[in-house]
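As structure tokens, the structure follows; a few thoughts come after it.
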């Protein structure tokens, strides 16, 4: 079959770059295509054309190719204004010779359409036209399609190496004023392997992603780290601003099927991608991928129509009240607002949705904390304290939405790097964010023992999550304690009435995990984990003996919880060199007595007329 000769058919529209760029005049506003779809040949030609023009304004979302127009030598020729700051133009912002426009990504197309941001010439990159005259925008549809629709002139670099992506991704040659045939490699953006900190962040995020969720991942190395821990998920969907090579393995292993999406079912939806040639070949003419303009992909109303939508974005720092800075380092603009707020607001309005801000706990090789008492001077708030929901670091997850300032501060301190936690607690006290009597532990010496976490199953088949207690458990533990019946209070505390004020409950939740250990049994609740049981041992290092105590919420008694807790504590204690357990039990607490006597150890019992004293050596089994 004879090859389709588009150059002959559209001969009147084709030109070399130098001729096409004559459409650009002094004072014009020039749009340059996004990301890896930057028309590199046209950009070089534009710089060469600069001898004929002055004061042209260049706008773009972000570009990954060379950006000579942002250099000092072209200051009289071009004024650059970016909606998102990439590495290639950051130096110009820092020198004060370029501009940054902070704006939600979903709102940029409306600015083009209204004329508030006028476009005289759009420089874009497209695939070769098909027999019907349709060119694909390839790896970047995003705001490019809107720029094409609203520009006075459109100059397209026609590149046969641009993949033909499907969806609402096409521009007809009739909407192109000049076509410049020039084949060159599409810009590649390979991801470096994630380090251990990023892998732990990815693992923590993955725990929040349920089977059947639809995910969005922002720019950066965290999506690559997350992908490793999503491979065992089932029927994930994707509705995302952008993606990289990480998506290939998740599709190939069957984790991403889009079979349960409530919108665009059976399709991965995105507006642009940045990756390697492997990715570009993978998406070429692949009907599983559909690219749509930003005004669709980033519309919070559209996003919210995906059930169980999980929006995953990154921050640069967050203060103890929950304000997230994501676009600047103090007064220095670093990146941009992008689609973070679009997806956070869309995900939170989704049925079963989750909005996540992820970041390493430290920056500058561990020298500074990203969780701070107050944002750096000059830093801007991208995600407000009213919008933030989940915050994830390598040390865990903090859920902030609907929580008061004290709860937020403690939750964020709990996932900060341990070496900064004491200073953060002291700062929180200075600001009156938390109570002045809040316990300050030496957190560098009392790291949370994540390895002790485990799942177990009660006699009725209910799955229970056992883990060491955390300082942030105070409210949940207090709620459990106040729910206890008078009988349960008497059998545990040997008194008829009991109050559980902050000063006492925090003694249970702020422990060293070494001499004293408390473990809780939790089940999913409306506002997160619900504590239904707690078991503790208090070690006397001189005797290497530990006092043991248990309490189980009334509705969870008689299900085997106490037996599981004792076995859990015993395993931990033996590993840590504890020699003996002892406890005091009222005669009426027959279930507790039975648990000890059925533990498999040689239990010694003494009764003084009021209370049984129980003790046994952990090395002596029956």
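The values are calculated or read from the model by the stated rules, or taken from the named source; none is laboratory data. Every value quoted in this text rests on a predicted model; they were computed, and no experiment measured them. Neighbour counts are summed over all protein chains in view; Cβ atoms, including those assigned to glycine, are modelled from backbone coordinates with ideal geometry.
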Residue in region 13-24 that is assigned to a loop (DSSP other than H, G, I, E, B), within 15 Å of residue 123 (Cβ to Cβ) and within 41 Å of the chain's Cα centre (by Cα) present: no
message: Any residue at all in region 321-329 that's out of contact with any helix residue (DSSP H, G or I) (no Cβ under 6 Å at 6 or more places or on another chain) and within 30 Å of residue 160 (Cβ to Cβ)?
response: no
query: Taking region 611-622 on its own, how many of its residues are at pLDDT below 90 and not in a strand (DSSP E or B)?
result: 3
message: Restricting to region 461-486, and then to whatever is outside any loop (DSSP other than H, G, I, E, B) and out of contact with any helix residue (DSSP H, G or I) (no Cβ under 8 Å at 6 or more places or on another chain), can you tell me which residue is farthest from residue 434 (Cα to Cα)?
response: 463
message: Criterion first (surrounded by 19 or more Cβ atoms within 10 Å (Cβ to Cβ), more than 13 Å from the chain's Cα centre (by Cα) and either at pLDDT below 95 or part of a strand (DSSP E or B) (or both)) does residue 322 satisfy it?
response: no
statement: Flagged in region 62-77 as within 13 Å of residue 123 (Cβ to Cβ) and touching a residue at least 40 places away in the same chain (Cβ under 8 Å), in numbering order, are 65
query: Does at least one position in region 420-438 carry a residue that is in contact with a strand residue (DSSP E or B) (Cβ under 7 Å, 6 or more places away or on another chain), closer than 18 Å to residue 373 by Cβ and touching a residue at least 24 places away in the same chain (Cβ under 8 Å)?
result: yes
task: Quick one: which residue in 465, 500 is within 30 Å of residue 348 (Cα to Cα), surrounded by fewer than 19 Cβ atoms within 10 Å (Cβ to Cβ), assigned by TED's automatic domain parsing to the domain that holds residue 572 and in contact (Cβ under 8 Å) with a residue 12 or more places away in the chain?
output: 465
task: Could you pull out the residue among 388, 382 that is crowded, with 20+ Cβ neighbours inside 10 Å, within 14 Å of the chain's Cα centre (by Cα) and modelled with pLDDT of 95 or more?
output: 388
- prompt: Would you say residue 155 is in contact (Cβ under 8 Å) with a residue 40 or more places away in the chain, buried (at least 18 other Cβ atoms within 10 Å of the Cβ) and under 21 Å from residue 21 (Cα atoms)?
  reply: yes
Subset of region 325-341 (residues that are more than 14 Å from the chain's Cα centre (by Cα) and either under 19 Å from residue 215 (Cβ atoms) or in contact (Cβ under 8 Å) with a residue 60 or more places away in the chain (or both)): 327, 332, 333, 334, 335, 336, 337, 338
task: Take region 80-99 and flag every residue that is in contact (Cβ under 8 Å) with a residue 40 or more places away in the chain and farther than 17 Å from residue 64 by Cβ.
output: 94
- prompt: Does region 176-192 contain any residue that is buried (at least 17 other Cβ atoms within 10 Å of the Cβ), part of a helix (DSSP H, G or I) and touching a helix residue (DSSP H, G or I) at 6+ places or on another chain (Cβ under 6 Å)?
  reply: no
field: Candidates 50, 26 - the one that is surrounded by fewer than 18 Cβ atoms within 10 Å (Cβ to Cβ), assigned by TED's automatic domain parsing to the domain that holds residue 86 and more than 15 Å from residue 154 (Cα to Cα)
entry: 26
- prompt: Does residue 147 satisfy the criteria of being over 31 Å from the mean Cα position of the chain (by Cα) and either in a strand (DSSP E or B) or not assigned by TED's automatic domain parsing to the domain that holds residue 296 (or both)?
  reply: no
- prompt: If you check 169, 213, which single one turns out to be touching a strand residue (DSSP E or B) at 6+ places or on another chain (Cβ under 9 Å), under 30 Å from residue 301 (Cβ atoms) and assigned by TED's automatic domain parsing to the domain that holds residue 306?
  reply: 213
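Residue-wise test of (1) assigned to a loop (DSSP other than H, G, I, E, B); (2) touching a strand residue (DSSP E or B) at 6+ places or on another chain (Cβ under 8 Å); (3) over 20 Å from residue 419 (Cβ atoms).
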{"residue": "336", "(1), (2), (3)": "yes, yes, yes"}
{"residue": "341", "(1), (2), (3)": "no, yes, yes"}
{"residue": "365", "(1), (2), (3)": "yes, no, no"}
{"residue": "374", "(1), (2), (3)": "yes, yes, no"}
{"residue": "391", "(1), (2), (3)": "no, yes, no"}
{"residue": "398", "(1), (2), (3)": "no, yes, no"}
{"residue": "402", "(1), (2), (3)": "yes, no, yes"}
- line: Filtering region 158-175 down to residues that are at negative phi, in a strand (DSSP E or B) and either out of contact with any helix residue (DSSP H, G or I) (no Cβ under 6 Å at 6 or more places or on another chain) or surrounded by fewer than 22 Cβ atoms within 10 Å (Cβ to Cβ) (or both) yields 158, 166, 170, 172
